[in-house]
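The values are calculated or read from the model by the stated rules, or taken from the named source; none is laboratory data. Note that the structure is a prediction, hence the values are computed from the model and not measured. Here the Cβ is made from the backbone with ideal geometry for all residues, glycine too, and neighbour counts use every protein chain on show.
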């Protein structure tokens, strides 16, 4: 049995510059951190030459024998189907999929799903991928196989974990720069961040498609806003590295004002009202996670103002989600041959005889 988990993320600055329409012309960069809300895949061997995928969220179970001939688009399980086809390994397994975060909340859950299933299957097939390769192949599946208008940042956040400044270059290459903060600064940053669910889940592909069209046609308002979004993301990185957390909160506010100018669909009257309310009650800055239109409201708010913000949003029926940072990224958390006697799932175990007994060690 294999159990693999991968995190979702919150992005602070640079969102939208990770789309090919932008970074292939100007280069992009995103500042983000992975958080401890996870997608899980449990793989268990079968012995009937079939593959079964069960999603706890969708409450869907599909079984098939010929994966290569099964249509992908439109299926409720299009991501696992696409990964299975892309990996192309001849296996007989059950895949049970579960998530702590519903889709469409702006935390990069779709990318986390793809990264997670890809890591599960490649590890099971004894073809593990580096973090860079894992992120790139997951992006290829989302962008080219499934035809989604997505950027690269979510796959890299899920694969790497941690707090990173991720650069996307014109030639298609990517570089992940970990932001190594003093532990006290990192802890203060984490404790000053708050997440509130606006009650609106959505898929952001329509917003991203519109943004890509505007970027490729060199619409001045969109390009100018994206240039500013990228610049502010770099400034956020710099003030974090120097421990200036109040400046970070103020830049988060500036970044949200710039991001709203990318597209009229990024914010709504309800989001604007909630955000203004949080500022009135002491939040320094914030933004909607993801491409916009709904999902989670991310805030930077110092501890002495947090209860006031919490109470104000509670009166609006908006609930907080507690979280911490994830520093590990996608990882195998169980690889146990004794659960289902699967030789491949237990390939990391080595039995070493001793004079009196057989002991078990890990590579």
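Out of all the residues in the stretch 230-288, which are more than 19 Å from residue 320 (Cα to Cα), surrounded by fewer than 19 Cβ atoms within 10 Å (Cβ to Cβ), touching a helix residue (DSSP H, G or I) at 6+ places or on another chain (Cβ under 7 Å) and modelled with pLDDT of 95 or more?
235, 239, 243, 245, 247, 254
Considering only residues of the stretch 89-109 that are out of contact with any strand residue (DSSP E or B) (no Cβ under 7 Å at 6 or more places or on another chain) and farther than 11 Å from residue 121 by Cα, which is surrounded by the most Cβ atoms within 10 Å (Cβ to Cβ)?
104
Which members of the stretch 132-151 meet the condition of being farther than 22 Å from residue 215 by Cα and in contact with a strand residue (DSSP E or B) (Cβ under 9 Å, 6 or more places away or on another chain)?
132, 135, 136 - these are the residues of the stretch 132-151 that are farther than 22 Å from residue 215 by Cα and in contact with a strand residue (DSSP E or B) (Cβ under 9 Å, 6 or more places away or on another chain).
How many of the residues making up the stretch 123-136 are more than 14 Å from the chain's Cα centre (by Cα) and surrounded by 20 or more Cβ atoms within 10 Å (Cβ to Cβ)?
2
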